[in-house]
Structure formats: structure tokens, C-alpha cells
Amino acid sequence: MNKNQKIAQLFSPAAFIHDTEENYQAIETLIREQEIGGLTFFHSRHSAAANFEKRAEVLDVSGTFEKLIGLINRYQKAASIPLLISIDGEYGLAMRIENTPAYPFAITLGALKGNAESQVEEVAYRMGLDMKHSGIHLNLAPCADVNTNPDNPVIGYRSFGNQPEKVSQLAFAAYSGMKKAGIGACLKHFPGHGDTATDSHLGLPILHKTKAELEAEELLPFQVGIDQGVEMIMVGHLAVPALTGGKNIPASISRQLITDLLKGEMGFKGLVISDALNMKAVANLYPEPGELEWQAFHAGNDILCFSDHVKEGIEKIAQNTSDSEIDTIFEKVMGLKTRLGVLETSPIAVPIFDWESHSKLQKELAENYVSEMYRAIDSAELQELAKAGKLGYREFFTASPSIFSQQLDFPFSSIGDAEKVILAVFVPSHKPLNQFGMEQTVLDEIQELAKTKPCILVHFGNPLALKHLGKLSDFEAVICAYQGFTETQVQAAAVLNGR
């Protein structure tokens, strides 16, 4: 292989499941002509950011999973060296693909009671198997970010919590589970994206902390992972002036942060992968095609994710890098491919998921994370209500725009006749934008109801959204259910019934 061919193995540009035939052919051409090393799959072009809510409103999403399998087989057939197939599936394939198993968010797993590490490892193992059976070799997860900013627009529910030690343990457990399943994983977003207020898909977050503060919080999960042999770390697009001589340079293109700190001082010997190079935090810094790719490579990234200028990037890196340096990194990438079985890739059939087993796991998890956050009402009173059948479970549901003006199928004709109200809130969005997608009129009505009527709140969704529902002390009890899964709803009902 010549120098350019070796450099091409470091590139993992984006591939979109829902796209045009013209674009599918363009990817095949890129594979054949540039001989790239891998592809990172996304749902569609307008949903390529890490989080999205409205994709189904403008796309025909039927057969997404079948399309993915077909494209993986098609693209692998075009490659002279089998492609490393990646996906960003923090809570499973379902983060990108409809009608595939969804697992609890990291913030939910962070609430697990008992032996949380073994439960998180099992979750990651199951999602890893889903991916391996689907022809995917690398999951760009888990987040090792410590989410200490509750208004963080991009991390939030993607983090295991705001305690560095817990995040360290659970992030490594998740990494270990995926590795056990036979796929690759990576800790992200180095040096830590949890205490930021800017979405790096849209702009450059700047973290103003001292190095000592960073070592005690942001850097800890990565150091713990390094000490336990983590093989891959993703570097984020955020500036940390205390680590770059006061400069607001994105970590993903900072040699001081990647080569000097991560690989040198912290002792990381594995592969470094960049966050998506199309993100606004870095994409607009270098207008000349290929320059951003060179800067990311020079900083110390071994794999370049979501490059929009592959050909120019290969050429620019070849012009500026010695053969020996390229050989070293090429061998690291090929070593990864060998360990993950990429080089033995063969055509795959559409796998069939074991939904019964998945539901059983979801039930076991829900029993360990659905929990009371607050209770003013006496537990004996709840028990008496349950015995009297006054808390009998029918079903949870939402109505819009006014969830309290509906004539419900209950023994009373209106909510005003109820002795006690069980209020189930399903939060529309997992991100804090626009009050997690909740309408102000509905929020006002919830707060007013809690002040005028004995209410028990059952919160299905990101617990960070609870602050918009008023004072928790206005409710007789608050149950945090975290997710809207059927198994979670059943467990929430069981908690209400005193079990």
C-alpha cells in the first residue's frame, strides 16, 4: 500500500441510511477511489447531529433497519479492505434506527440501585450484540462526561450523572459490556463536555476551569478508563484555555490536549477518534478543504470522523507527514480492525431481535430505577388507598393541549370531583431547549392543579425537566420514572400501589 492508501484508512466519513441513490453511489465511489477505512452511519442528512426529535415529520422512515443492512453489505462489497462500520448509538440502535431495541438513557442507568455496574455492563453487552449482529463494529459511546451543568444543551440525559466517581465507574462498565459483546467502544467527549452551556454542533463551548478542577472532575473518568486499559477515546469540540496556554482552541485540533496531555501526561496508548468534523465548533475554522483534517491529524487524532473533504484531507496529511509516522498510525488502525473481526467481514442477513428477552431486561431495570423522589403523604395512607382500589391502575396517557379538560373514563365526571389526582407527565423532549418541549400553558396548569388539589406526580422523562413543574413540595408525592417504556409504566403503577 502506498502512503495515501494508508492515510485513507484513518477516515470514517458519514453515510446516511435515508438518502438518494445518487448519494449512495457517491459513497461507493469514495470507497473505491479514495479507499477509505470506514463509515459512520447516521439516520439521515438533517438528523446527523447527536440528538433529534422531528425527523419522522419530514421523512418516510419505513424500513430503516433493512436499508441499513442493505447499505452495509453494498458498501462492504465496494471496498478492497473491509470497512470499519461505526454508529453513534448511546442507548442502542434505536438512537438512529426505528423499530430496533431501545435501552435506558445514561441518566436513567445512573439512577440504578444495587449493583449498578453489573447492570450497566449487561445493558451495554445487549446493545453491543444488537450492533454486532447488524454488521456494526464500533459504537461511538459511552459518554464519560460529568454533567454538572443542568442546563447543558447537548449532554444532559447522555451522562451517567454529576458525580465524577459514579460516572467513572458506569462509563467503564458500559465500555466493558460492549467490548464483551465483541464490538469496539470509546469514552467521550475528552476532556469533558458536561459543564458547558453551548452545543458544540452549533458553536464552540469554552470551559473556564483550572487544571486542578478539571483533574478532579472532567478528566477523572478518562483517567480511570486509561488506567483500566480503555482502547479508544473520542475528543470533543470544546475549548479549555487552562490546558492550551490560554487559547480558545477546540480540543479536537489541539496538539497540547491530545498529544501532550492525553497521550503523554495521562498515558493513553490507544486510538484517539475525533468528534464529527462537520460540527460548527470546528467546521468553519479552516475554509480551505483538507486543512481541518490535517489539523485534527496533527493534533493526534488517529481516526477522523465525519470528514467532508476526504480527498483533500488525505493529500494534505500526505504532504505534511513522514512515512514512518503514517506507518505507526496505520498499524494501530489495522490492529483495531483485526481485533474487531473487520477483516473477516461477510455479507449479513437482517437479524431478528429477541423482543421477549429485551422486555424482561427492561422490566428488571425499571424495578431498580423507578423511585420516589419526594413524599409528604404518609405511606400508610397510600397503602389504604391501594387496598380500597382507589389507586387501581388503568393506563397512563397524555392529551393535548389541555390535559385536564378531558372527560376521562373514570368513576368521576371531572377532575374536580376527584379526592386525589395521579398526574402522569410524559416529557416530549430529552433536551432542555424550550422547556424540554413542554408548553407553558400546560406547565401553568400543572402547577395550579398541584396547589389546589392533592396530587401525586409520576414523571416519565428526563428528571432535569422536573424544575419546570413547580415546587415538588406542592405535590403529595413525586415518582421519577425516567423513561416512557411500557415496562417502566407498569413498574410506576406498582410503586403507586405500594409494591
Regarding residue 65, is this residue touching a Ser or Thr at 6+ places or on another chain (Cβ under 9 Å), modelled with pLDDT of 95 or more and in a helix (DSSP H, G or I)? yes
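Of these, 267, 225, which one is of a type in the set (Gly, Ala, Ser), crowded, with 20+ Cβ neighbours inside 10 Å and touching a residue at least 24 places away in the same chain (Cβ under 8 Å)? Give the derivation first.
On the way: 267 fails: crowded, with 20+ Cβ neighbours inside 10 Å.
Going through 267, 225 in turn, the sole match is 225.
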Of (1) crowded, with 23+ Cβ neighbours inside 10 Å; (2) within 18 Å of the chain's Cα centre (by Cα), residue 198 satisfies all except one. Which? (1)
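State the number of residues belonging to region 2-30 that are in contact (Cβ under 8 Å) with a residue 60 or more places away in the chain, more than 25 Å from the chain's Cα centre (by Cα) and not in a helix (DSSP H, G or I). I'd like the intermediate steps shown before the answer.
Of the residues in region 2-30, the ones in contact (Cβ under 8 Å) with a residue 60 or more places away in the chain are 3-4, 6-15, 17, 30.
From what's left, more than 25 Å from the chain's Cα centre (by Cα): 3-4, 6-9, 30.
Still in the running and not in a helix (DSSP H, G or I): 9.
The qualifying residues number 1.
Every residue, every condition in (1) within 19 Å of residue 215 (Cβ to Cβ); (2) outside the structural domain of residue 334 (by TED's automatic domain parsing); (3) at pLDDT 95 or above, yes or no:
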| site | (1), (2), (3) |
| --- | --- |
| 253 | no, no, yes |
| 256 | yes, no, yes |
| 265 | yes, no, yes |
| 284 | no, no, no |
| 290 | no, no, yes |
Any residue that is closer than 18 Å to residue 253 by Cα and not hydrophobic (A, V, I, L, M, F, W, C) - is there at least one of those in region 154-166? no
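Do the conditions hold for residue 126, that is, is it modelled with pLDDT of 95 or more and more than 27 Å from residue 304 (Cβ to Cβ)?
Working: modelled with pLDDT of 95 or more: yes; more than 27 Å from residue 304 (Cβ to Cβ): yes.
Criteria met by residue 126.
Can you name every residue in region 428-476 that is of a type in the set (S, T, N, Q) and under 25 Å from the mean Cα position of the chain (by Cα)?
Going through region 428-476, the residues of a type in the set (S, T, N, Q) turn out to be 429, 434-435, 440-441, 447, 452, 462, 473.
If the condition is that a residue be of a type in the set (S, T, N, Q) and under 25 Å from the mean Cα position of the chain (by Cα), then 429, 434, 435, 462 are the ones that fit.
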Taking first residues from region 306-324 that are under 20 Å from residue 252 (Cα atoms) and second residues anywhere that are acidic (Asp, Glu) and in a helix (DSSP H, G or I), the pairs with Cβ under 7 Å that are 6 or more apart or on different chains are 307/293; 309/293; 313/293; 316/291; 316/293; 317/293
What pairs come out if I take residues in region 464-491 that are under 21 Å from residue 105 (Cα atoms) and pair them with residues that are of a type in the set (Asp, Glu) whose C-beta lies under 6 Å away, six or more apart or interchain? 479/372; 491/367
Please work out which one of (1) at pLDDT below 95; (2) closer than 24 Å to residue 354 by Cβ; (3) in a loop (DSSP other than H, G, I, E, B) is the condition residue 51 fails and give its number. (2)
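The values are calculated or read from the model by the stated rules, or taken from the named source; none is laboratory data. Being a predicted model, the structure only gives us computed values, none of them experimental. All Cβ positions, even for glycine, are placed from backbone atoms using ideal geometry, and neighbour counts span all protein chains on display.
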